[in-house]
């Protein structure tokens, strides 16, 4: 496909979005704002991730289109407000890519992937030096907690605040779990919202944070790992439901032992 055709296809999307927002366009599209569209950017991003995990390239193509639509939608609103256009968005990211890859577009020499990442962070810091006062600045507030924890940990590690080897974060997990158990075993189960319960919640958070650190040390993304485990749980539980239906039973009618036997079957079969 020629460059002119590619440009025409992209411009067609921009023109369609402009028409949808016009006086004679779609009432729903016209009333949207940057704020009202926030949820869709999140949803479409997760649908892209789901398509990647599925390995279905047709689905990924479709979902990437939906995500692109969100970018064009926001740019159209900004164009109406005379703030910026989609072409300025593209130009900005092009300039950023060139600026942050001097080892490709200039004469800078870097040593492998680690060198690229170190140089990237230095350039980012220089770009945002008036906006960021802390090494930890720059992590989006809305990120999922596990992902946010890993980003903060990586930022701290880049300035030397890190463990020496895997044994240390592993020991930290054990220490945090012991502290959690100490609060849990000190008395009967605390009432939600009580000082004891809040302390238990705090210690539970410390365990999760320390587990993220172990994952980071092993280059395991905690968010992805947990997502895979959730999918595994859903598949196995669905198997229990299906097998129970074959037996003419509903789950509330089954004992835990019966469901556990089906769970073990699911582990072997899936």
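The values are calculated or read from the model by the stated rules, or taken from the named source; none is laboratory data. Remember, predicted model here, so these are calculated numbers, not experimental data. No Cβ is skipped: glycine too gets one built from the backbone with ideal geometry, and neighbour counts run over all protein chains shown.
The table for this structure:
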quantity: Residue 91 free of Cβ contacts under 8 Å to residues at least 24 places away in the same chain, assigned to a helix (DSSP H, G or I) and under 30 Å from residue 11 (Cβ atoms); calculated: yes
quantity: Number of the exception - residue 2 against (1) within 30 Å of residue 128 (Cβ to Cβ); (2) modelled with pLDDT under 90; (3) more than 29 Å from the chain's Cα centre (by Cα); calculated: (1)
quantity: Unique residue being modelled with pLDDT of 95 or more and within 17 Å of residue 150 (Cβ to Cβ) when the list is 176, 202, 171; calculated: 176
quantity: Residue satisfying condition, being part of a helix (DSSP H, G or I) and on the phi < 0 side of the Ramachandran plot, within set 43, 23; calculated: 43
quantity: Any hit, region 58-71, residues being assigned to a loop (DSSP other than H, G, I, E, B) and either in the same structural domain as residue 142 (by TED's automatic domain parsing) or farther than 26 Å from residue 140 by Cβ (or both); calculated: no
quantity: Residue in region 223-230 that is buried (at least 16 other Cβ atoms within 10 Å of the Cβ) and either more than 30 Å from residue 136 (Cα to Cα) or in contact with a strand residue (DSSP E or B) (Cβ under 9 Å, 6 or more places away or on another chain) (or both) present; calculated: no
